[in-house]
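Before anything else, here's the structure in question.
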Amino acid sequence: MSSHPAKMQRVVKWYPPAYDIRVETVPIPEIVEPDDAIVKIKLAGLCGSDLHIYRGHEDVDAPLICGHELIGEVVALGSSFHPGATGRPELYSSLKVGDKVVSPFTVSCGECHFCRVGFTCRCIHSTLFGIPTLPGGQAQYARIPKAGGTLFSLTALAQSTAGALEIADSSLLLLADILPTGVFAAVQALQHPKLSPILTGSAYPSIQSLPNRILTLAVVGLGPVGVCAAVGLLHLMEDIRAEKDLVCQVVAIDPNESRRKKMEAIYAKIGGQDKQCCTFVVAAVDEAKELAKSWTGGAGCNAVLEVVGNNSALELAYDLVQPFGIISSVGVHQAPPIPFTGRDVYNKNASFDFGRCPVRAMFPLALEVLIKRQDVFGGIGEDASLIEKIVSFDQAVESYGLFDKGKCGKILFDPWL
Ligand SMILES: NC(=O)c1ccc[n+]([C@@H]2O[C@H](COP(=O)([O-])OP(=O)(O)OC[C@H]3O[C@@H](n4cnc5c(N)ncnc54)[C@H](O)[C@@H]3O)[C@@H](O)[C@H]2O)c1
Ligand SMILES: [Zn+2]
Ligand SMILES: [Zn+2]
């Protein structure tokens with residue numbers, strides 16, 4: 001007996017061990033737990049994090065439905081969703097079938113200790129879309145566990161901003177992962193206590209005033225997430241740059257020329273009135289090392305944002321950072337040991353922050369950047385657009401191949417094309 005066609009959907013699947021992408025027809029997910037929602041997906045992102053699985057670097061040995069960036073419409077809700085659902089995250093009482101939502105790439109309950117303090121990516125119920133146990137977003141439908149804590153309602157947002165939110169779905173999709181992650185990389189660096197002498201103007205440990213301060217930062221990796229990190233950094237540095245005696249300089253680094261060109265086009269678009277307050281140079285690796293040295297009399301960068309996820313990038317970050325500097329790493333790193341020793345870390349008094357972005361907690365700040373920077377996040381396929389194109393699942397195999405080789409930028413899938 002064959003299944004009813006209405007209950008089936010098209011999805012992008014990955015097969016082990018590596019580089020094997022197939023478009024298949026599988027059953028539409030159903031509500032399993034009372035806290036679940038089913039979302040009909042309008043657009044899904046292809047991300048650098050999909051590449052770790054694609055390349056076989058994640059030690060996964062079962063096929064999976066790919067993707068973890070999705071925007072869509074709620075089509076079914078579990079029994080936990082009802083107007084009387086008080087004492088729980090607000091969406092359990094307000095979310096309705098038909099509402100537009102964007103989902104962070106990990107599940108977060110909104111109720112545990114980690115969620116309440118804002119470390120939502122380490123929720124005690126945390127799980128990731130696009131793994132064998134939780135089908136991903138490169139599909140026509142997805143099941144969202146703990147949906148009242150996980151989802152972000154764009155319908156509610158549009159109501160609360162009196163319809164002011166006329167942002168394209170392709171742009172709002174960036175809230176699922178890469179924009180919050182880029183902003184997180186910048187926040188993690190700029191809020192680090194070791195930057196306080198430079199930012200406050202009081203020498204460590206806060207006794208003597210410090211004239212002629214220079215803040216030197218690097219962004220390592222200019223894929224879509226690196227670009228978001230650079231744009232987020234420039235946004236956050238606006239207040240800092242307003243101070244008279246603080247010179248700010250940023251070097252943004254990628255060995256791939258087309259990725260550098262994209263960053264340059266984006267900076268040319270957003271630079272505008274702020275240009276004189278902050279030097280921003282896009283550079284290849286060797287050129288960047290020289291620049292960081294010459295800018296700082298050999299000292300190196302106060303902070304380095306690592307947005308690649310391999311050991312060559314970590315080595316570069318360690319090279320670039322100055323003693324008492326900070327490496328804010330959001331690249332997803334794999335099993336091989338990191339390329340520096342305890343002695344290296346000791347010898348630089350270096351600080352390291354690694355790990356997953358707490359997307360749900362970063363939403364408000366990321367949304368602020370998204371709204372402000374529609375000139376780069378709003379369009380598709382223009383010189384200064386972060387998003388390169390929207391394609392159908394029929395182009396999934398080709399898109400994974402191109403993205404893997406850095407031969408295209410951010411690609412979105414429309415599962416209904
Ligand atoms: N921490 C998180 O929560 C989180 C979230 C999303 C993505 N990520 C990770 O962020 C990373 C970047 O994602 P993306 O979508 O931009 O991927 P991407 O593969 O498109 O970009 C990586 C870029 O790094 C460049 N690169 C490679 N080696 C380099 C080196 N030694 N120095 C400088 N640049 C180098 C590549 O040329 C490429 O442009 C990935 O590791 C991804 O998994 C992490
Ligand atoms: Zn992603
Ligand atoms: Zn939680």
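FYI, it's all coordinate maths here, none of it is from the lab. Note that the structure is a prediction, hence the values are computed from the model and not measured. A quick note on method: Cβ atoms are made from the backbone with ideal geometry, for glycine too, and the neighbour counts reach across all protein chains shown.
Ratio of alpha-carbon Rg to the 2.2 N^0.38 Å globular estimate for the chain, to two decimals, please.
1.00
Determine the percent antiparallel among the DSSP beta bridges restricted to the stretch 180-354, to the nearest 5.
Rounded to the nearest five, the antiparallel share is 5 percent.
Which order do peptides 301-313, 370-382 fall in by mean Cβ count within 10 Å, highest first?
Numbers: 301-313: 25.0, 370-382: 17.5.
Descending packing order for the listed peptides: 301-313, 370-382.
Still on this structure: Pop the C-beta distance of Ser202 and His82 into the FRET formula with R0 = 60 Å and round what comes out to the nearest 0.05. Let's see the in-between values first.
Numbers: r = 54 Å, r/R0 = 0.89.
Computed FRET efficiency for Ser202 and His82: 0.65.
Here is a follow-up. How much length is gained if the chain between Val23 and Gln159 is pulled fully straight, taking 0.36 nm per residue apart and subtracting their Cα-Cα distance, in nm to one decimal?
Working: separation 136, 0.36 × 136 = 48.96 nm, distance 3.69 nm.
Extra length from Val23 to Gln159 when fully extended: 45.3 nm.
Considering only C-alpha atoms, what is the centroid distance from the stretch 61-129 to the stretch 202-228, in Å?
35 Å
What percent antiparallel are the DSSP beta bridges of the chain, to the nearest 5? Before the final figure, lay out each step's value.
Numbers: 34 of 66 bridges.
Counting DSSP beta bridges with both partners in the chain, the antiparallel share is about 50 percent.
Let me ask you something else. Which residue fluctuates the most in the chain, going by a Gaussian network model with Cα springs under 10 Å, if the choices are Tyr267, Tyr346, Tyr318?
Top of the fluctuation ranking is Tyr346.
Can you give the FRET efficiency to the nearest 0.05 for Arg241 and Glu287, using r as the Cβ-Cβ distance and R₀ = 22 Å?
Numbers: r = 24 Å, r/R0 = 1.08.
The formula returns an efficiency of 0.40 here.
In nanometres, what is the gap between the two model label sites at Val397 and Ala265, each 7 Å from Cα along Cα-to-Cβ?
2.9 nm
While we're here: Assuming a ≥ b ≥ c are the square roots of the Cα gyration tensor eigenvalues, decide whether the stretch 90-186 counts as rounded (a/c under 1.5), prolate (otherwise, with a/b larger than b/c) or oblate. Intermediate results must be reported in sequence, preceding the final value.
On the way: a/c = 1.32, a/b = 1.30, b/c = 1.02.
Because its axes are fairly even, with a/c under 1.5, the stretch 90-186 counts as rounded.
While we're looking at this one, here's another question. Amide H to amide H, which residues 5 or more places from Ile71 or on other chains are under 5 Å from it, using H placed in the peptide plane?
Lys42, Leu43
For an R0 of 30 angstrom, estimate the FRET efficiency from the Cβ-Cβ distance between Glu30 and Ser94 and round to the nearest 0.05.
On the way: r = 23 Å, r/R0 = 0.76.
The value I calculate is 0.85.
How do 48-59, 252-263 rank on mean C-beta neighbours within 10 Å, highest first?
Highest mean packing first, the order is 252-263, 48-59.
A follow-up question, please. Test of understanding: what is the full-extension gain from Asp59 to Asp169, defined as 0.36 nm times their sequence separation minus their Cα-Cα distance?
Values: separation 110, 0.36 × 110 = 39.60 nm, distance 3.31 nm.
Roughly 36.3 nm would be gained on extension.
Name the residues whose placed amide hydrogens come within less than 5 Å of the amide hydrogen of Ala76, ignoring near sequence neighbours (fewer than 5 apart) on the same chain.
Placed amide hydrogens put Ile38 under 5 Å from Ala76.
Counting only C-alpha contacts under 8 Å and six or more residues apart, can you give the relative contact order of the chain as a whole percent? Can you show the working numbers first?
Numbers: 926 pairs, mean separation 71.3, N = 417.
For the chain, the relative contact order is 17 percent.
Given the rule -39500 (n - 2.57) for each run of at least 4 DSSP H residues, summed and divided by the residues of the chain, what is its mean residue ellipticity at 222 nm, to the nearest 500 deg cm²/dmol? Please list the in-between numbers first.
Details: 16 runs with 137 residues, N = 417.
Result for the chain: -9000 deg cm²/dmol, rounded to the nearest 500.
Taking the chain as a Gaussian network, Cα atoms linked when under 10 Å apart, which of Phe114, Phe403, Phe340 shows the biggest mean-square fluctuation?
Phe340
Mind ordering 203-216, 22-35, 326-339 by average Cβ neighbours within 10 Å, highest first? Mind dumping the intermediate values first?
Numbers: 203-216: 12.7, 22-35: 14.4, 326-339: 18.6.
Descending mean neighbour count gives 326-339, 22-35, 203-216.
Does the stretch 180-354 come out rounded, prolate or oblate by the C-alpha gyration tensor, with a ≥ b ≥ c the root eigenvalues, rounded set by a/c under 1.5 and, if not, prolate when a/b is larger than b/c and oblate if not?
Values: a/c = 1.62, a/b = 1.06, b/c = 1.52.
In terms of gyration-tensor shape, oblate.
May I pose another question? Projected onto the charge dipole of the stretch 204-294 (+1 at Lys/Arg Cβ, -1 at Asp/Glu Cβ, origin at the Cα centre), which of Ala218, Ala292, Gly271 gives the Cα projection farthest towards the positive end?
Of Ala218, Ala292, Gly271, it is Gly271.
Quick one: compute the contact order of the stretch 180-354, relative version, from alpha carbon pairs under 8 angstrom and 6+ residues apart, as a percent. Kindly include the intermediate steps, with their values, before the conclusion.
Details: 317 pairs, mean separation 41.9, N = 175.
Relative contact order for the stretch 180-354 comes out at 24 percent.
Only four residue types carry charge here, +1 at the Cβ of Lys and Arg and -1 at the Cβ of Asp and Glu. Report the dipole size of the chain about the Cα centre in Debye, rounded to the nearest 20. Intermediate values should be presented prior to the final figure.
Numbers: 36 positive and 43 negative charges, 76 e Å.
Roughly 360 debye, rounded to the nearest 20.
Next question. Taking the dipole about the Cα centre of the stretch 182-256, with the C-beta of Lys and Arg at +1 and of Asp and Glu at -1, give me whichever of Leu195, Ile253, Ala229 is farthest to the positive side.
Value: Leu195.
Follow-up question, since we're still on this one. Give, rounded to the nearest 20 debye, the magnitude of the charge dipole that the stretch 180-354 has about its Cα centre when Lys and Arg contribute +1 at Cβ and Asp and Glu contribute -1 at Cβ.
Numbers: 14 positive and 16 negative charges, 25 e Å.
That gives a dipole near 120 debye.
Once you charge only the Cβ atoms, +1 for Lys and Arg and -1 for Asp and Glu, what is the size of the charge dipole of the stretch 306-381 about its Cα centre, to the nearest 20 debye? Don't jump to the answer; show the numbers that get you there.
Numbers: 6 positive and 7 negative charges, 43 e Å.
For this selection, approximately 200 debye.
Here's another thing I want to ask about it. Taking all pairs of distinct Cα atoms, average 1/r, flip it, and tell me the Kirkwood hydrodynamic radius of the stretch 122-238 in Å to one decimal place.
Values: mean 1/r = 0.0564 Å⁻¹.
With all distinct Cα pairs of the stretch 122-238 included, I get 17.7 Å.
For Phe280, enumerate residues with amide H under 5 Å from its amide H, sequence gap 5+ or separate chain, H modeled in the peptide plane.
Distant-sequence amide H within range of Phe280: Val250.
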